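For reference, the structure is listed below as structure tokens.
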């Protein structure tokens, strides 16, 4: 067994600092404790193979003290090895971080959630005496008569605002700018600062976190940045992270710290990219699934996995940035958009808002394809939602050669009698395959008779394939796989393949989503026609729709009715940030939606088993 008490030095190639690494802790744990995060979909159990490191100097051993044989180029799983002395490693990870071009969000109403009003106050005199608080109230009254929207009731009554006012009036400025959120004053500044008014909207996904910097005056997103959710170091899905909150010492605090640090990294990157001061961000909105909402608030999500599987909350009052330790204007506010049910969070609320499903005249089906699968159906009068245990296969987790949609990921596959061709993100040597590539590859395998509709690989002699395709069907470790890209040409030196287990993982995801859609359709009148099916989420934006239809992911819908709407949750979070009316709609949506618990439906198991087949409904 590993002996305790020794502390070594862990150096990471490309990092200026080094980390302490105790003999009794895995390399993965040392990295996490040092604030460096590797993907570990299995939560460090050694089954996913994602937390790879290359040991350049020094040596490592397994838990039982026995030497572990590395893969090619001295690569190990960080969660399975312990240091034998000072070591130097290279991290094998892909980080998603991007900046987006500015684009406008169409807001028709004239009720901004966040606004600045410039005042020209009349200071009190000996002859005309009143408090400075009353001075601001008088100026606000004049501003209101000029068309500004605000609530003057106790507008300058909080101690925090009065302290700001005390500092502002020291120099007796001719102009004073007040910032209002939902018609209430949240900040007072000297001079005219009206041109510097920003907000930030977050979509906290289980796998990816997206932040959008919004110029409130221009109603425009001016920068976008996304990062891998660092909580993935403690598991790929929400269940594993909930388990980590009570299985690991300080697990809840650590998971909360990880996501808050990630949000601050994004804020810093957004501001740097467009040269905006973080102090000019006065508000933030956060959308995410219920587990992510609990964790960012450092509230235990354990009730989500205990009968009756209830969330602790749906709605939270606006928070100060200090409460979440976020680096924006300290007088600003953070608004958590309302959740709907235990496993249907505010990301679904925001997505419904973004596609106007709550006010639509004609029925709309929305399917959010991500680490979790949420679906909503409605016609503006009634709304129904459900959530499926889709798992993270769409994000490349639990797929042998799976990876995020980053440089080196195979994103598209075409199989013909003449060749197998792939498209790779970044046009570099392939490293693995991402979700869109997995769906396309399996659809191609089904179309070419390499995969049976049941999900089994047809044996080479049964498939009646050309020689070049037959040679790609290989049997390794007792299971069949189809080689998309040969190892002699790949970045890892190993074949990049679709394995039988990969197919099973996708079948589970596909069946969960298909079955959920069917139960939603059951709630609508039988004669309902669906002329709009919205695929939301990052994965929904990139999935090949024809391939999704080929494998039966979207049952019974016409190709022309289906459209990708991108990150609808992020769009909804931005809309709520810009509009008081849309923020109120979020609250109304959360109160209006009827939640369907799929596991409680009598026919769920039978439908689920039937929908495992790759057939078009």
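The values are calculated or read from the model by the stated rules, or taken from the named source; none is laboratory data. Small disclaimer: the values here were computed from a predicted structure and weren't measured. Note that we place each Cβ from the backbone using ideal geometry, even for glycine, and neighbour counts take in every protein chain shown.
Here are the numbers:
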| item | result |
| --- | --- |
| Those residues of region 294-328 which are without any contact (Cβ under 8 Å) to a residue 60 or more places away in the chain, buried (at least 17 other Cβ atoms within 10 Å of the Cβ) and within 18 Å of residue 267 (Cα to Cα), in sequence order | 297, 319, 321 |
| Filter result for residue 469 (in a loop (DSSP other than H, G, I, E, B), in contact with a helix residue (DSSP H, G or I) (Cβ under 9 Å, 6 or more places away or on another chain) and more than 30 Å from residue 215 (Cα to Cα)) | no |
| Top-ranked residue of region 173-189 - restricted to ones that are in contact with a strand residue (DSSP E or B) (Cβ under 6 Å, 6 or more places away or on another chain) and not in a strand (DSSP E or B), ranked as surrounded by the most Cβ atoms within 10 Å (Cβ to Cβ) | 173 |
| Within region 190-206, tally of residues that are crowded, with 23+ Cβ neighbours inside 10 Å and farther than 19 Å from residue 572 by Cα | 0 |
| Residue that is under 18 Å from residue 190 (Cβ atoms), modelled with pLDDT under 95 and not in a helix (DSSP H, G or I), where the choices are 156, 136 | 156 |
| Which numbered condition residue 149 misses (of (1) at pLDDT 95 or above; (2) touching a helix residue (DSSP H, G or I) at 6+ places or on another chain (Cβ under 9 Å); (3) surrounded by fewer than 17 Cβ atoms within 10 Å (Cβ to Cβ)) | (1) |
| Residue within region 433-448 that is assigned by TED's automatic domain parsing to the domain that holds residue 490, in contact (Cβ under 8 Å) with a residue 12 or more places away in the chain and on the phi > 0 side of the Ramachandran plot present | no |
| Helices (runs of 4 or more DSSP H) completely within region 535-617 that count 2 or more residues being farther than 29 Å from residue 112 by Cβ | 537-542, 545-550, 604-610 |
| Test result for residue 501, assigned by TED's automatic domain parsing to the domain that holds residue 615, farther than 21 Å from residue 439 by Cβ, at pLDDT below 95 and in a helix (DSSP H, G or I) | no |
| Test: residue in region 547-564 that is on the phi > 0 side of the Ramachandran plot and under 22 Å from the mean Cα position of the chain (by Cα) | no |
| Only one of 455, 435 that is under 15 Å from residue 505 (Cβ atoms), modelled with pLDDT under 90 and surrounded by 15 or more Cβ atoms within 10 Å (Cβ to Cβ) | 435 |
| Some residue of region 340-348 being under 30 Å from residue 158 (Cβ atoms), part of a loop (DSSP other than H, G, I, E, B) and at pLDDT 90 or above | no |
| Candidate set: region 301-316, residues that are closer than 16 Å to residue 235 by Cβ and modelled with pLDDT of 90 or more; chosen: the one farthest from the chain's Cα centre (by Cα) | 302 |
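Results for (1) in a strand (DSSP E or B); (2) under 13 Å from the mean Cα position of the chain (by Cα); (3) not assigned by TED's automatic domain parsing to the domain that holds residue 580, shown as yes or no for each residue.
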| position | (1), (2), (3) |
| --- | --- |
| 211 | yes, yes, yes |
| 226 | yes, yes, yes |
| 236 | no, yes, yes |
| 243 | no, no, yes |
| 246 | no, no, yes |
| 255 | no, no, yes |
